[in-house]
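Here's the structure we're looking at; comments come further down.
The values are calculated or read from the model by the stated rules, or taken from the named source; none is laboratory data. Because the structure is a prediction, the values reported are computed rather than measured. Here Cβ is always computed from backbone atoms with ideal geometry, including for glycine, and neighbour counts include all displayed protein chains. Accessible surface is based on the protein model in full, side chains and every heavy atom, while ligands, DNA and RNA are left aside. Shrake-Rupley method; radii C 1.70, N 1.55, O 1.52, S 1.80 Å.
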Amino acid sequence: MTDATAADTAAAGFTERYGRAPVGVWSAPGRVNLIGEHTDYNDGFVFPFAIDQRASVALGSRDDRLIRVSSTFTPDAVEVHLDDLSPEALDGWSAYPLGVAWALGQLGADLGAVPGVDLHISSTVPVGAGLSSSAAIECSVALALDEHWNLGLDRPTLAKVGQLAENRVVGAPTGILDQSASLLAHADAAVFLDCRSLDAEVIPLGLAADGLSILVIDTNVSHAHATGGYAARRASCEAGAAALGVESLRDVHVGDLERAATLLDDETFRRVRHIVTENQRVLDTVRTLREHGAAAIGPLLDASHVSMRDDFEISVPEIDLAVSTAQATGAIGARMTGGGFGGSAIALMIDGLVPVIEREVRREFAEQGYREPTIFVVRPSEGARRDS
């Protein structure tokens, strides 16, 4: 489904559901994190880009104080009075869009002074693939409500809105990476984000000019950030920072790891080592891109995967097979992307190798008896926008 079709689907679905045309359609993309995994909630560095799959939301005005939300992926519609929005009152799929409305009120909007709305959501971002389908919904809704309610919030604040909704309403202890990528991205570029200061710089990737593609290999092994693995990794990082006497692992550097090994148990040390070395890999990736181009970053992607697999222990056999097969078939570099425990791998390669690597990955998955993967090329794309 193209971007235009996704927006049209949202608009048509709105009209079918609510019996009138929407006043506008907004969309926001999913993301691929090129490098920098689990560093965001440690005040570290990340380097994501937006993809060319998007969530679209059509919005219509109401003359009362109800907010209603429906979507293409469930027959159910949910409505709640704006005065009754709270984390405790929201659950299920509607917690994402309705959580955004609540979070806007926590970060500056006077929800007592705005009218109700009807929302209808359509998305082409694969669910459970580690491409942040949730942030795409959150950011499209945040942008739509900000404009419709004349709130005037800037995009870094809207990213905080999406993160707050994810943390407090959905219950997923994620950082701000996904929402920042979805809101701040540009075409053929990635967002170099300092998650402590929230300073962001858009860095050109130049993939098209260099004849390079990024292949996503969705293993179709589902994951859920609100479940224990992600929260356990975050708790390990916090314990490590406390034991080392620092505010966050952002304050620990590669040269400090020898000392850290003497203070921490083995598991906590390995969790810490991943974060510390991953932060350095993000910095090295940005520098290498600027100096030598995307074709030179492969070893950093490969090293990131080894760290996630062995130190942070968030990979799964299907992901490892996708990465190793891509590497063996000529990819410049490959790694798991996203929060882990399933989801997707990415592989950077010259354009001509796309069908070759895709064929080999499918063959290897079939030989191992794994579920057939979903494989597609992603193009670094622009961030959230109004479509109509």
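Looking at (1) hydroxyl-bearing (Ser, Thr, Tyr); (2) at pLDDT below 95; (3) in contact with a strand residue (DSSP E or B) (Cβ under 6 Å, 6 or more places away or on another chain), can you tell me which one residue 227 breaks?
Single failed check for residue 227: (3).
For segment 232-239, check the following and say yes or no: at least one residue is in contact (Cβ under 8 Å) with a residue 60 or more places away in the chain and over 30 Å from residue 369 (Cα atoms).
Step one: of segment 232-239, the residues in contact (Cβ under 8 Å) with a residue 60 or more places away in the chain are 233-234, 237.
In the following step, the residues that additionally are over 30 Å from residue 369 (Cα atoms) were identified as 234, 237.
Checked against the condition, which is being in contact (Cβ under 8 Å) with a residue 60 or more places away in the chain and over 30 Å from residue 369 (Cα atoms), segment 232-239 yields at least one hit.
Which residue pairs have Cβ atoms under 7 Å apart, sit 6 or more places apart or on different chains, and have a first residue in segment 75-88 that is in contact (Cβ under 8 Å) with a residue 40 or more places away in the chain and a second that is crowded, with 18+ Cβ neighbours inside 10 Å and in a strand (DSSP E or B)?
From residues that are in contact (Cβ under 8 Å) with a residue 40 or more places away in the chain, the pairs are 77/68; 77/69; 77/70.
Being surrounded by fewer than 24 Cβ atoms within 10 Å (Cβ to Cβ), assigned to a helix (DSSP H, G or I) and in contact (Cβ under 8 Å) with a residue 12 or more places away in the chain is the filter here; which residues of segment 110-135 pass it?
Listed by number, the residues that qualify are 111, 112, 133.
Quick one: how many residues across segment 226-267 are among the aliphatic types (A, V, I, L, M) and not in a helix (DSSP H, G or I)?
Taking segment 226-267 first, the residues among the aliphatic types (A, V, I, L, M) are 226, 231-232, 235, 239, 241-244, 246, 249, 252, 254, 257, 260-261, 263-264.
Then drop every residue that is not not in a helix (DSSP H, G or I), which leaves 226, 246, 252, 264.
Total meeting the criteria: 4.
Would you call residue 163 within 18 Å of residue 42 (Cβ to Cβ), part of a helix (DSSP H, G or I) and open to solvent by 10 Å² or more (accessible area, probe 1.4 Å)?
Working: within 18 Å of residue 42 (Cβ to Cβ): yes; part of a helix (DSSP H, G or I): yes; open to solvent by 10 Å² or more (accessible area, probe 1.4 Å): yes.
Against the criterion (within 18 Å of residue 42 (Cβ to Cβ), part of a helix (DSSP H, G or I) and open to solvent by 10 Å² or more (accessible area, probe 1.4 Å)), residue 163 qualifies.
Residues are listed down the side, and each one gets a yes or a no for (1) in contact with a His (Cβ under 8 Å, 6 or more places away or on another chain); (2) in a helix (DSSP H, G or I); (3) without any contact (Cβ under 8 Å) to a residue 60 or more places away in the chain:
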position: 137; (1), (2), (3): no, yes, no
position: 153; (1), (2), (3): no, no, yes
position: 169; (1), (2), (3): no, yes, no
position: 179; (1), (2), (3): no, yes, yes
position: 187; (1), (2), (3): no, no, no
position: 193; (1), (2), (3): no, no, no
position: 198; (1), (2), (3): no, no, yes
position: 201; (1), (2), (3): no, no, yes
position: 215; (1), (2), (3): no, no, no
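Right, residue 169: surrounded by 24 or more Cβ atoms within 10 Å (Cβ to Cβ) and more than 24 Å from residue 6 (Cα to Cα) or not?
On the way: surrounded by 24 or more Cβ atoms within 10 Å (Cβ to Cβ): yes; more than 24 Å from residue 6 (Cα to Cα): yes.
Taking the combined requirement at face value, the residue satisfies it.
Say whether the condition of being on the phi > 0 side of the Ramachandran plot and open to solvent by 10 Å² or more (accessible area, probe 1.4 Å) is met by at least one residue in segment 81-94.
Just the residues of segment 81-94 that are on the phi > 0 side of the Ramachandran plot, to begin with: 92.
Going one step further and asking which of them are open to solvent by 10 Å² or more (accessible area, probe 1.4 Å), we end up with 92.
Checked segment 81-94: at least one residue is on the phi > 0 side of the Ramachandran plot and open to solvent by 10 Å² or more (accessible area, probe 1.4 Å).
Among the numbered criteria (1) within 23 Å of the chain's Cα centre (by Cα); (2) over 16 Å from residue 37 (Cβ atoms); (3) of a type outside the set (Phe, Trp, Tyr), which one does residue 295 miss?
Here residue 295 clears every test but (1).
Do you know which residues across segment 363-388 are out of contact with any strand residue (DSSP E or B) (no Cβ under 7 Å at 6 or more places or on another chain) and not small (Gly, Ala, Ser)? Lay out the reasoning, then the answer.
Narrowing segment 363-388 to residues out of contact with any strand residue (DSSP E or B) (no Cβ under 7 Å at 6 or more places or on another chain): 363-372.
Listed by number, the residues that qualify are 363, 364, 365, 367, 368, 370, 371, 372.
Could you say whether any residue in segment 240-255 is in contact with a helix residue (DSSP H, G or I) (Cβ under 6 Å, 6 or more places away or on another chain), under 23 Å from residue 347 (Cα atoms) and open to solvent by less than 60 Å² (accessible area, probe 1.4 Å)?
no
The conditions are (1) surrounded by 15 or more Cβ atoms within 10 Å (Cβ to Cβ); (2) within 30 Å of residue 321 (Cα to Cα), and residue 211 fails exactly one of them. Which is it?
With respect to (1) surrounded by 15 or more Cβ atoms within 10 Å (Cβ to Cβ); (2) within 30 Å of residue 321 (Cα to Cα), residue 211 is out only on (1).
Among the strands (runs of 3 or more DSSP E) contained in segment 11-99, which hold 3 or more residues that are under 21 Å from the mean Cα position of the chain (by Cα)? Talk me through it step by step, then tell me what you get.
Working: elements: 24-35, 45-61, 66-71, 74-81.
Because the criterion is at least 3 residues that are under 21 Å from the mean Cα position of the chain (by Cα), the strands (runs of 3 or more DSSP E) in segment 11-99 that meet it are 24-35, 45-61.
Quick one: is residue 145 touching a Leu at 6+ places or on another chain (Cβ under 8 Å), of a type in the set (A, V, I, L, M) and part of a loop (DSSP other than H, G, I, E, B)? Please lay out each step first, then the result.
Working: touching a Leu at 6+ places or on another chain (Cβ under 8 Å): yes; of a type in the set (A, V, I, L, M): yes; part of a loop (DSSP other than H, G, I, E, B): no.
Judged against the criteria, residue 145 is not a match.
Sort out which residues of segment 136-160 are within 22 Å of residue 6 (Cβ to Cβ) and open to solvent by 10 Å² or more (accessible area, probe 1.4 Å), and write them in order of number.
Result: 137, 143, 146, 147, 148, 155.
Filter segment 15-50 down to residues that are among the aliphatic types (A, V, I, L, M) and more than 18 Å from residue 121 (Cα to Cα), then give me how many there are. Working first, answer last.
Within segment 15-50, the first condition is being among the aliphatic types (A, V, I, L, M), and the residues that meet it are 21, 23, 25, 28, 32, 34-35, 46, 50.
Adding the requirement that they be more than 18 Å from residue 121 (Cα to Cα) leaves 32, 34-35, 46, 50.
The qualifying residues number 5.
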